[in-house]
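Presented below is the structure to which this report refers.
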Amino acid sequence: MTGELSDAVSAAQSGDEDAFRYLYRSLQPGLLRYLTALVGADAEDVASETWLQISRDLPTFTGGEFRAWTVTIARNRAMDHLRRLRRRPSLPVPVQALTELAGDGDTAERADETISTEAALALIATLPPREAEAVLLRAVIGLDAESAGRVLGRRAGAVRTAAHRGLRRLATLLDRQTEPTPSVDGDATTPLLAPDTSSAPVDGGPPVVGAKVVPPPRRRIGRSRQTSPAEQAEG
């Protein structure tokens, strides 16, 4: 834990509200991304429950990795939430019902953050669960392998391996997304289905369709008729 974060924890334990707000601003973005991967659209609610417990239990925190402590609380609240959902049906709220809610921040910044966050979480969500959670704790929350292992109840080496495999899978997915579109004759700007302008005559010759030359229509040649003597005389 950084010295600045450690000082804020000590001050918050003494009742400093500004220090607690600093802890919230520092840790909430990562916690929210982590919880989104666990409970989806209910992440905000679970995050609220998490911070309620953090504020209640903060005086009992005795040291160590504060971020790991907060993530452990968040994970436990997420597991409780999922168990409650299994016991009772849920009624999802349509996205259209949320369009009129007012925002409390800059719209452009929030939109940019949302797009990038949703894209990253969508990729992470495609990973196997063990790898996804390891990547979230290591890369998103910023925990070391030992702290992440304590959160997950696994050995540090297993967390390192899972995070490494997950990041390699993500790199492969990103490479596939950024591959250039196949082109004709190596020209990336050439459309694959160019308009067919080859049907015009070339140098006065017969029209061309595709790569085949269409010959001119063949004249019908019948048997020649013999000229009568009268016709010869008139000629």
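FYI, it's all coordinate maths here, none of it is from the lab. All figures in this text were calculated on a predicted structure; none of them were measured in a lab. Quick reminder, even Gly has a Cβ in these numbers, built from the backbone with ideal geometry, and neighbours come from all protein chains shown.
For R176 and S55, the difference between the fully extended length at 0.36 nm per residue and the C-alpha to C-alpha distance is 39.2 nm. Which loop chymotrypsin sites (Phe, Trp or Tyr not before Pro) in region 1-74, with loop taken from DSSP, have no more than 15 other Cβ atoms within 10 angstrom of their Cβ? Passing both the DSSP loop test and the Cβ count: F61.
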